[in-house]
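This report concerns only the one structure given below.
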Amino acid sequence: MITKKKVMRKFVRAVWVFNWFNSCGFTELCPVVGSRWDMERFGMKAVNSPRKADALFIAGYQTPKSIKRAQQIYEQMGNPKFVFALGSCTITGGMYWDSYNTIKRLEDYLPVFMYIPGCPPRPEAIYDAVFKVFEHVEELPDK
Amino acid sequence: MTAIEQEKKTDIVEKLSSELDASVVLKTDRRLWVTIDSSKVVDTCLKAQQMGFEHLSTISAVDWLEEGRFELVYHLWSYKYNSLLSIKTKIDRNKPSISSINSIWDTYAETCERECHELFGIDFKGNSNLTPLFLEDWKGPPPFLKDFNWREYTLKELYDEENPREKAYFEVKK
């Protein structure tokens, strides 16, 4: 029987990440890939195609134009798939709250699995969020 | 600037003034300004290009609200003279329309004009591709107009006062 736990364990074995980063989101999260914080030691890897990815990391402010592309990426990803929203700009518009061209509620556009606040979030916060996914899976019932 | 360079610059100013049939002003070392009538824009740009100002840097617009006019500025760079020529022209703010210069600079001019059209609502006659560049699904007025209150528009269109998360935004001074 395929339980949710089994499906989630597939995801938890290794988290392959597709990044959709606008503006400063990319530069602020580069250290996560680098040797100092090194996300590969947790089995996380940035992949170059959404079809290979388990998780979608969204960072930076999203505009009505860019969120459409994010939706297309999300649709291309195979199940199970999870969206992580990184940073306040992505979640609520952040410091661009009064701009006419930013997204104010990300949950209207994509099913968000985890919100990681911060401007930008520290690498530790990202690992903490991913660790919570591991915990979440262990807490799921076996049946 | 040495004396020889200064002499060269004054030469360009005189040459341009007679060629473009308008008074060219030497603003600083490398900046030349010329103000022309909006009907002569294609002619002037073509002449300037033939004189060596072959690189179109950008087209920018200024909204003069009190005057009721838009000012369009065409920035042309010359590798020959190492100077920037700004061609300025004013058009009516209520029915902003001007001839496109895509016959001279083709695709790049089209992109610049698309931007001006999107942000200021200026119509470029002869440019067939004036589709939105940055703003998709935009229903409001052109956002760069000075009489467009973007904060009021955003609060009205994109926020919900009933939502507890968004309530605080409505208390910000407008």
Inset, instruction - Mind checking region B:1-84 for trypsin sites (Lys or Arg not before Pro) that DSSP puts in a loop (not H, G, I, E or B) and that have at most 11 other Cβ atoms within 10 Å? - result: B:LYS80
Inset, instruction - Give me the percent of DSSP beta bridges within region B:3-143 that run antiparallel, rounded to the nearest 5. - result: 70 percent
Legend entry - Per-residue mean of C-beta atoms belonging to partner chains within 10 Å, peptide A:59-72: 1
Inset, instruction - Restricting to the protein assembly as shown, compute how many DSSP beta bridges are antiparallel as a %, nearest 5. - result: 50 percent
Legend entry - Tail fraction, Cα-Cα pairs, region B:1-91, threshold 15 Å, whole percent: 58 percent
Inset, instruction - Determine the shielding of peptide A:92-105 by partner chains: average, over its residues, the number of Cβ atoms on other chains within 10 angstrom of each Cβ. - result: 5
Legend entry - Mean projected area (nm²) of the alpha-carbon convex hull when chain B is viewed from all directions: 13.2 nm²
Inset, instruction - Check the straight Cα-Cα distances from A:LYS6 and name the aspartates and glutamates below 15 Å, setting aside those fewer than 8 residues away within the same chain. - result: A:ASP54, A:GLU135, A:GLU138, A:GLU139, A:ASP142
Inset, instruction - Counting other Cβ atoms within 10 Å, keep those with at most 14, restrict to DSSP loop, and tell me which GluC sites (Glu not before Pro) in region B:35-87 are left. - result: B:GLU66, B:GLU67
Legend entry - Inter-label distance, nm, simple model (7 Å from Cα along the C-beta direction), B:THR10/B:ASP160: 7.1 nm
Legend entry - Neighbourhood charge, 10 Å Cβ-Cβ cut-off, centred on A:TRP97 and excluding it, Lys, Arg +1 and Asp, Glu -1: 0
Inset, instruction - Just flag the trypsin sites (Lys or Arg not before Pro) in region A:1-73 sitting in loop per DSSP whose Cβ has no more than 14 other Cβ atoms within 10 Å. - result: A:ARG36
Legend entry - Rg(Cα) / (2.2 N^0.38 Å) computed for region A:4-139, rounded to two decimals: 1.00
Inset, instruction - Mind putting together the pair-distance distribution for region A:34-108? All Cα pairs, 5 Å bins, whole percent per bin, short to long. - result: 3, 15, 22, 21, 16, 14, 7, 1, 0
Legend entry - Extension reserve of the B:SER60-B:PHE170 stretch, reckoned as 0.36 nm per residue once the Cα distance is removed: 36.2 nm
Inset, instruction - Extending each Cα 7 Å along its Cβ direction at B:GLU67 and A:THR3, get the distance between those two points in nm, one decimal. - result: 7.5 nm
Inset, instruction - Give the residues of region A:5-32 whose amide nitrogen is closer than 16 Å to a point set 7 Å from the Cα of A:ALA125 in the direction of its Cβ. - result: A:22, A:24-32
Legend entry - In nm, spacing of pseudo-spin labels at B:ASN94 and B:ASP29 (7 Å Cα→C-beta vector): 4.6 nm
Legend entry - Projected area, mean over directions - the protein assembly as shown, Cα convex hull, nm²: 23.5 nm²
Legend entry - All lysines inside 23 Å of B:LYS139 as judged from Cα atoms, apart from same-chain residues fewer than 8 positions distant: A:LYS65, A:LYS68, A:LYS104, B:LYS95, B:LYS125, B:LYS156, B:LYS174
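Coordinate-derived values only; no laboratory data. Treat the numbers as computed from the prediction; the structure is a model and nothing was measured. Please note: Cβ atoms are built from the backbone with ideal geometry, for glycine as well, and neighbour counts cover all protein chains shown.
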